[in-house]
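Student: This is the structure, below, for whatever I ask next.
The values are calculated or read from the model by the stated rules, or taken from the named source; none is laboratory data. Model, not experiment: these values are computed from the prediction. Because the Cβ atoms are built from the backbone with ideal geometry, glycine has one as well, and the counts that use them run over all protein chains shown. Just so you know, the surface numbers come from the protein's heavy atoms only, side chains and all, with ligands and any DNA or RNA stripped out. Shrake-Rupley method; radii C 1.70, N 1.55, O 1.52, S 1.80 Å.
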Amino acid sequence: MSEKKVWLYDTTLRDGAQREGISLSLTDKINIARKLDEMGIPFIEGGWPGANPKDVQFFWQLQEQPLKQAQIVAFCSTRRPHQHAQNDQLLKAILSANTLWVTIFGKSWDLHVTEGLKTSLEENLAMIEDTIEFLRSQGRRVIYDAEHWFDGYKQNPEYALLTLKSAIKSGAEWVVFCDTNGGTLPHEISQIVSEVVTKLDLDREDSPQLGIHTHNDSGTAVANAIASVLEGVRMVQGTINGYGERCGNANLCTLIPNLQLKLGYQCLQPQQLKKLTSNSRLISEIVNLAPDDHAPFVERSAFAHKGGIHVSAVAKNPLTYEHIEPESIG
């Protein structure tokens with residue numbers, strides 16, 4: 001894998017759809033998935049099959065009419081406490097979705113294990129291992145989302161690391177650091193990711209790759225994702241237009257140009273990158289939310305100048321007040 005390659009993972013159809021005011025029909029979900037596929041997004045999280053009938057139908061329909069290049073990903077939790085993975089009904093629904101890739105989330109924060117799951121720390125590790133081993137035995141490739149990773153690491157770093165090691169030992173090919181509460185700041189992200197990269201043995205050929213999943217509750221989701229990439233992370237998870245519950249997820253429409261045009265990471269082909277603006281606006285129409293005209297890069301005011309010195313300078317040389325060429329993102 002190229003050192004300057006960053007893999008994009010879009011969760012608009014699952015995490016983004018949890019935003020207040022968004023209610024996607026099956027047709028909406030299919031149309032968005034196909035637009036993301038055309039734009040060259042390599043991983044598209046389609047939803048949680050088994051959680052609702054619409055997601056089941058979505059995966060069935062894409063089995064009949066597959067996407068052109070993207071991997072459609074099913075999403076689910078680890079098995080329930082004190083069960084066997086092969087008997088867990090949610091995991092059976094995952095298998096019936098028939099996707100090659102599955103994203104499994106598990107608990108990293110000991111508080112969530114004891115207070116949320118009401119189980120032991122040892123059982124949580126067994127849940128992670130058993131779930132991933134079962135899915136691997138069924139021919140699935142696994143992305144492991146370490147839920148509440150940064151909060152868990154700050155409270156109990158030894159245990160948080162054990163959860164990652166359990167996922168890696170069981171066969172996860174990607175391990176994703178999740179700032180689920182959105183409360184971590186970029187300098188903390190950099191420090192923690194750097195420490196974990198050092199503590200994990202990731203030099204073997206079969207070592208997993210690292211990913212980042214950030215929420216925007218502190219207004220730093222994009223900055224946090226960039227900080228992680230600079231520390232070696234090679235998958236970024238986010239949503240178109242930053243949709244998501246509470247304050248949203250990392251906005252891929254901001255993140256992709258920053259990574260590709262400013263930092264030199266390959267995310268999309270240049271001709272695909274030019275579709276970013278049109279797809280941002282089209283998806284805002286599909287979800288029936290008015291676009292933010294002042295959003296970076298892709299919205300109407302991003303390269304607009306009202307008058308005076310700015311207009312005079314841009315008329316002479318656009319570089320005077322444009323940080324990128326607007327045409328590069330359509």
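Student: Restricting to the range 144-187, give me the number of residues that are of a type in the set (Val, Ile, Thr) and more than 17 Å from ILE104 (Cα to Cα).
Tutor: 1
For every residue, the table says whether it meets (1) under 30 Å from ARG136 (Cβ atoms); (2) among the β-branched types (Val, Ile, Thr).
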| residue | (1), (2) |
| --- | --- |
| GLY183 | no, no |
| SER190 | no, no |
| LEU210 | yes, no |
| ASN216 | no, no |
| VAL229 | yes, yes |
| GLY238 | yes, no |
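Student: All but one of (1) outside any loop (DSSP other than H, G, I, E, B); (2) in contact with a Gly (Cβ under 9 Å, 6 or more places away or on another chain) hold for PRO257, so report the exception by its number.
Tutor: Evaluating PRO257 over (1) outside any loop (DSSP other than H, G, I, E, B); (2) in contact with a Gly (Cβ under 9 Å, 6 or more places away or on another chain) leaves (2) as the failure.
Student: Quick check on my filter: what residues within the range 99-125 are in contact with a His (Cβ under 9 Å, 6 or more places away or on another chain), surrounded by fewer than 17 Cβ atoms within 10 Å (Cβ to Cβ) and assigned to a helix (DSSP H, G or I)?
Tutor: LEU111, GLU123
Student: Further, regarding this structure: From ILE104, ILE32, which residue is touching a residue at least 40 places away in the same chain (Cβ under 8 Å), more than 26 Å from GLY171 (Cα to Cα) and among the β-branched types (Val, Ile, Thr)? Before the answer, list the steps.
Tutor: On the way: ILE104 fails: more than 26 Å from GLY171 (Cα to Cα).
Checking each option against the conditions leaves just ILE32.
Student: Considering every residue within the range 26-45, establish whether at least one is over 19 Å from GLY242 (Cβ atoms), among the β-branched types (Val, Ile, Thr), in a strand (DSSP E or B) and open to solvent by less than 40 Å² (accessible area, probe 1.4 Å).
Tutor: Restricting attention to the range 26-45, the residues satisfying the condition of being over 19 Å from GLY242 (Cβ atoms) are 26-27, 30-31, 34, 37-38, 40, 42.
Add one more test, that the residue is among the β-branched types (Val, Ile, Thr), and what stays is 27, 30.
Restricting the remaining residues to those that are in a strand (DSSP E or B) gives none.
No: zero hits.
Student: Of the numbered conditions (1) open to solvent by 10 Å² or more (accessible area, probe 1.4 Å); (2) assigned to a helix (DSSP H, G or I); (3) out of contact with any Pro (no Cβ under 9 Å at 6 or more places or on another chain), SER96 fails exactly one; give the number of that condition.
Tutor: (3)
Student: Would you mention how many residues in the range 168-208 are of a type outside the set (Asp, Glu), open to solvent by less than 60 Å² (accessible area, probe 1.4 Å) and under 24 Å from ALA250 (Cα atoms)?
Tutor: First pass over the range 168-208, keeping only residues of a type outside the set (Asp, Glu): 168-172, 174-178, 180-187, 189-194, 196-200, 202, 204, 207-208.
Now restrict to residues that are open to solvent by less than 60 Å² (accessible area, probe 1.4 Å): 168, 170-172, 174-178, 180, 182-184, 186, 189-190, 192-194, 196-197, 200, 202, 207-208.
Imposing the further condition that a residue be under 24 Å from ALA250 (Cα atoms) reduces the set to 172, 174-178, 180, 182-184, 186, 189-190, 192-194, 196-197, 208.
Residues that pass the stated criteria total 19.
Student: Take ASP88 and tell me if it is in contact with a Lys or Arg (Cβ under 6 Å, 6 or more places away or on another chain), farther than 26 Å from LYS275 by Cα and open to solvent by less than 40 Å² (accessible area, probe 1.4 Å). Explain how you work it out, then say what you get.
Tutor: On the way: in contact with a Lys or Arg (Cβ under 6 Å, 6 or more places away or on another chain): yes; farther than 26 Å from LYS275 by Cα: yes; open to solvent by less than 40 Å² (accessible area, probe 1.4 Å): yes.
So ASP88 fits the description; yes.
Student: Would it be correct to say that GLY139 is more than 20 Å from HIS82 (Cα to Cα) and surrounded by fewer than 17 Cβ atoms within 10 Å (Cβ to Cβ)? Working first, answer last.
Tutor: Details: more than 20 Å from HIS82 (Cα to Cα): yes; surrounded by fewer than 17 Cβ atoms within 10 Å (Cβ to Cβ): yes.
When the stated conditions are applied, GLY139 passes them.
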